[in-house]
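Below is one structure, written out as structure tokens; comments come after it.
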Amino acid sequence: MPKTIVRPSRDLRNNYADVVKALKQNSHVIITNNGVGESVLIDIKEYEEYEEYLHRRFVYNELQKSKAILNDPDVIVHDASDVFLGIYKKLEDRGL
């Protein structure tokens with residue numbers, strides 16, 4: 001497991017190459033301002049993996065909400081083909 005690297009914010013300006021090197025070797029670098037953690041730099045690949053994780057978690061949560069709705073006995077579920085047939089019938093009745 002990579003160790004945590006902490007660098008002052010001035011290093012972004014004065015020693016950017018060193019910060020990037022530390023980032024490549026450790027996957028993340030904590031940036032401080034006056035000794036207080038302010039932000040975290042992460043490797044682009046790790047960022048992409050995190051974005052994918054967030055997307056999957058969002059989709060999972062939405063599926064869980066849908067399952068809860070479908071399990072509600074007061075919810076009526078219609079087949080999509082029946083819904084479209086009903087729409088087409090109403091359009092035909094109106095002469096459209």
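The values are calculated or read from the model by the stated rules, or taken from the named source; none is laboratory data. Keep in mind it's a predicted model, so treat the numbers as computed, not measured. As a convention, Cβ positions derive from the backbone with ideal geometry for all residues, glycine included, and neighbour counts pool all protein chains shown.
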* Does LYS24 count as within 22 Å of the chain's Cα centre (by Cα) and either part of a loop (DSSP other than H, G, I, E, B) or at negative phi (or both)? -> no
* Can you tell me how many residues in segment 40-70 are surrounded by 10 or more Cβ atoms within 10 Å (Cβ to Cβ) and closer than 23 Å to ILE5 by Cβ? -> 11
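Going through segment 81-96 one residue at a time, which ones are assigned to a helix (DSSP H, G or I) and not β-branched (Val, Ile, Thr)?
Within segment 81-96, SER81, ASP82, PHE84, LEU85, GLY86, TYR88, LYS89, LYS90, LEU91, GLU92, ASP93 qualify.
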* Among residues of segment 40-80, those that are more than 17 Å from the chain's Cα centre (by Cα) and in a helix (DSSP H, G or I), counted -> 7
* Asked: Could you count how many residues in segment 1-13 are surrounded by 10 or more Cβ atoms within 10 Å (Cβ to Cβ) and either hydroxyl-bearing (Ser, Thr, Tyr) or in a helix (DSSP H, G or I) (or both)?
  -> 5
* To do: Looking only at segment 35-54, decide whether some residue is touching a Pro at 6+ places or on another chain (Cβ under 6 Å) and assigned by TED's automatic domain parsing to the domain that holds SER9.
  => no
* Kindly check whether there is at least one residue in segment 27-39 that is in contact with a strand residue (DSSP E or B) (Cβ under 8 Å, 6 or more places away or on another chain), part of a strand (DSSP E or B) and exposed (fewer than 11 other Cβ atoms within 10 Å of the Cβ). => yes
